[in-house]
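Heads up: the structure comes next, in structure tokens.
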Amino acid sequence: MNGPVWLLARRNLLRSRVRFVASIGGVALALSLVLALNAIVDGVSAQLTSYIDQSGADVWVAQTGVRNLHMAASSLPDSVVEAVRRAPGVAQASPILYATETISANGQRKIAYVIGLPSDTTMGLPATVRSGKAIPGRGEAVVAEDFARQAGVGVGGEVTIFGRDLRIAGISVGEGNLLNTVAFVSFDDFASVRDVAHVVSFVLVRTTPGASANAVTKAIEQSVPGVTALGRSAFAQEERQLVMAMAGDVITMMNAIGFVVGLAVVALAVYVATLAGRREYGLLKALGARGRVLYGVVLVQAGLSVAVGFLAALSFTAALGLLIPAAGLPLALSIEPASLVTVAVVATVIAGLASVLPVRQVASIDPAIVFKRGVAP
Amino acid sequence: MTGFTLEVRDVTKRYGDGPTAVSAVRGVSLAVQPGEVVLIMGPSGSGKTTLLSMMGALLSPTSGTISLDGTVISALGEGRLPEIRLRKFGFIFQDFNLLSALSVLENVAIVAELAGHKRGEAREKATQILTELGLQERLRFLPEKLSGGEKQRVAIARALVNDPALLLADEPTANLDSAIGHEIMRILRRVAKEKGRAVVIVSHDQRIRDIADRVLWLEDGEFAEAIELATDPVCGMSVERAKATTAERDGATLFFCSRGCRAEFLGQLPTDGIDPASA
């Protein structure tokens, strides 16, 4: 019985190519909206934690209650660094200073995570340096490549951070994101400009081989008062959740718009196709086709429209993911499996709902319609 | 068993209730035998299409019964009717009613597939019937590429593909020119006689009277004087049974246009070939 259903659905869809293309285009557009938005969010989310992910630290130690970087302020006495070093399972501990500041060069301004790095640190420094050096000395800074490109500066150029002009000593890659860039200055410059002597923001910890990050965080929190310690992945997760919570309403709203647009397009296309084929559905009823066959035709038509639209949306989003970085924009699209499943479920719901009215319409067709005179093939 | 393919007993179809009720068909009875071609004629609005719809299980009668091969189909629930329509009836329409998105072959094969045949089997069967009807060169064509006569032949093939007991044709020649209309009628008659199908035709077309075994006149929802036709076995002319000269042979009644034909049939013709009685 599937043969006639698929044959009729396919041919009905392709009978009016303009209607088919419009339907597919509409669905693809609507699903692209949802898929691209999710890909952007996933991409930005991954970018947001790239500094944490690439810091080389297994554990992040912060002031009590501080569980992320974004819009956070952590202040610990520098004595904490030694205390952390003595905790069980700690192989290395190194402090950084951190603040969110506006940096500028050649009139270009951007919000940045400004990191103050000790000269001898092996953690928290830029993961990849395109040119120059990774750890800035006094009066120097390392800036991200995307910012340097936008500002038209390079190694040897100047950037203003904390109101001071610093010489660019290195260009890093991979820490920037849509919301902010990352800039590195020397620990001492940071401390003197911000007047934060004997204070650190975070202590980055590398664990001893075989020690679990969880066990070490517990050990640090037990042995060092006034701190919160989190494993790298937990710290990154906290960071992502914070941003997602801030963007959640917008994402929900955009997804809802995409859902409604997709639903309207498919429903209209299938409804119009059913209306146009009303006499033929009546004919099939008269010839003995059961209701389930006819409903199957409607459902498969809606399902095929949505499936092709989904593939088109996926291709479009994947192409966008390649084009955007190629255009030099600090935006990464990441199509995650979870997002694909969500959009596929949304698409299936769209196909199902879009079929409700046409199925009711088909159910109400009187097979005796075949005896009514009219133009028929 | 009645020996009839279709038996309509005292069937009435009324629309509406009370003083505004309209009876489209009133107390009609009719029996159709296997291999018989019955033509129902009548003016517009006489109830022909309503009667045909009821005979085809597309419409339920208000009262009376309709039986097909001994099964009272007018008493069956809506859930069982699609199966009856699919396997027991073949429909042929004035407007051809082919599925525009399907090829000629698919239009016929899909009905066999709906009846449970596998795709290959359905296509084989459809190809065979279409070939018998001279459409072997048109199998891949879409309906829009066919002439009216070809479309109607496809519709006949579709009607025959599930080997139904009864063919119901609604004005099958109305959209065709005279020659093609006659060709279609000859095909329907051949189907009745060679395949033993009962064929009921509703039509205004006077030109097809001579193809039918029986002509019934429906007026105001009732059969008026029924004109029953027969074919003279000698000269092949159509004759009204009520007015024809008859003869009996092997228990069957034969109808002749004249005493001359009757005499020739009975071997009583004078040697000069002239029948003085008919002159």
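The values are calculated or read from the model by the stated rules, or taken from the named source; none is laboratory data. All figures in this text were calculated on a predicted structure; none of them were measured in a lab. Neighbour counts are summed over all protein chains in view; Cβ atoms, including those assigned to glycine, are modelled from backbone coordinates with ideal geometry. Note: accessible area is taken over every heavy atom of the protein model, side chains too, but ligands, DNA and RNA are not part of it. Shrake-Rupley method; radii C 1.70, N 1.55, O 1.52, S 1.80 Å.
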**Asked** Of all residues in region A:109-158, which are farther than 19 Å from A:His70 by Cβ, β-branched (Val, Ile, Thr) and open to solvent by 20 Å² or more (accessible area, probe 1.4 Å)?
**Response** A:Thr122, A:Thr128, A:Val129, A:Ile135, A:Val153, A:Val155
**Request:** State whether one or more residues within region A:142-150 are of a type in the set (Lys, Arg) and either under 19 Å from A:Val200 (Cβ atoms) or free of Cβ contacts under 8 Å to residues at least 60 places away in the same chain (or both).
**Result:** no
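Residues are listed down the side, and each one gets a yes or a no for (1) open to solvent by 70 Å² or more (accessible area, probe 1.4 Å); (2) free of Cβ contacts under 8 Å to residues at least 12 places away in the same chain; (3) away from chain B (no Cβ under 14 Å):
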position: A:Ala313; (1), (2), (3): no, no, yes
position: A:Ser339; (1), (2), (3): no, no, yes
position: A:Gly352; (1), (2), (3): no, no, yes
position: A:Leu357; (1), (2), (3): yes, no, yes
position: A:Ile365; (1), (2), (3): no, no, no
**Message:** Condition first: open to solvent by 20 Å² or more (accessible area, probe 1.4 Å), under 28 Å from A:Ala36 (Cβ atoms) and either assigned by TED's automatic domain parsing to the domain that holds A:Ser201 or at pLDDT 85 or above (or both). Now tell me which residues in region A:229-240 satisfy that.
**Reply:** A:Ser233, A:Gln237, A:Glu238
**Asked** So which of A:Asp195, A:Asp165 is over 25 Å from A:Leu331 (Cα atoms), modelled with pLDDT of 90 or more and not small (Gly, Ala, Ser)?
**Response** A:Asp165
**Request:** Please name all residue pairs, on different chains or six or more residues apart, with Cβ atoms under 7 Å, provided the first residue is in region A:91-110 and is outside any strand (DSSP E or B) and the second residue is crowded, with 17+ Cβ neighbours inside 10 Å.
**Result:** A:Asn106/A:Ala151; A:Asn106/A:Val153
**Complete:** Taking region B:67-87 and keeping only residues that are of a type in the set (Val, Ile, Thr) and either at the interface with chain A (Cβ under 8 Å from one of its Cβ atoms) or within 17 Å of the chain's Cα centre (by Cα) (or both), one is left with B:Ile84
**Asked** Just checking, which of A:Gly309, A:Gly226, A:Gly296 is open to solvent by less than 20 Å² (accessible area, probe 1.4 Å) and either within 14 Å of chain B (Cβ to nearest Cβ) or over 18 Å from A:Arg11 (Cα atoms) (or both)?
**Response** A:Gly296
**Asked** Going by the conditions given, is A:Ile171 at pLDDT 95 or above, outside the structural domain of A:Asp42 (by TED's automatic domain parsing), touching a Ser or Thr at 6+ places or on another chain (Cβ under 6 Å) and buried (at least 16 other Cβ atoms within 10 Å of the Cβ)?
**Response** yes
**Item:** Residues located in region B:88-110, provided they are farther than 16 Å from B:Ser203 by Cβ, open to solvent by 10 Å² or more (accessible area, probe 1.4 Å) and facing another protein chain (nearest Cβ under 7 Å)
**Value:** B:Ser100, B:Ala101, B:Glu106
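Here's the yes/no breakdown for (1) within 14 Å of chain B (Cβ to nearest Cβ); (2) polar (S, T, N, Q); (3) on the phi < 0 side of the Ramachandran plot; (4) open to solvent by less than 10 Å² (accessible area, probe 1.4 Å):
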site: A:Trp6; (1), (2), (3), (4): yes, no, yes, no
site: A:Arg10; (1), (2), (3), (4): yes, no, yes, no
site: A:Ser16; (1), (2), (3), (4): yes, yes, yes, no
site: A:Ala22; (1), (2), (3), (4): no, no, yes, no
site: A:Val44; (1), (2), (3), (4): no, no, yes, no
site: A:Thr64; (1), (2), (3), (4): no, yes, yes, no
site: A:Leu69; (1), (2), (3), (4): no, no, yes, yes
site: A:Ser79; (1), (2), (3), (4): no, yes, yes, no
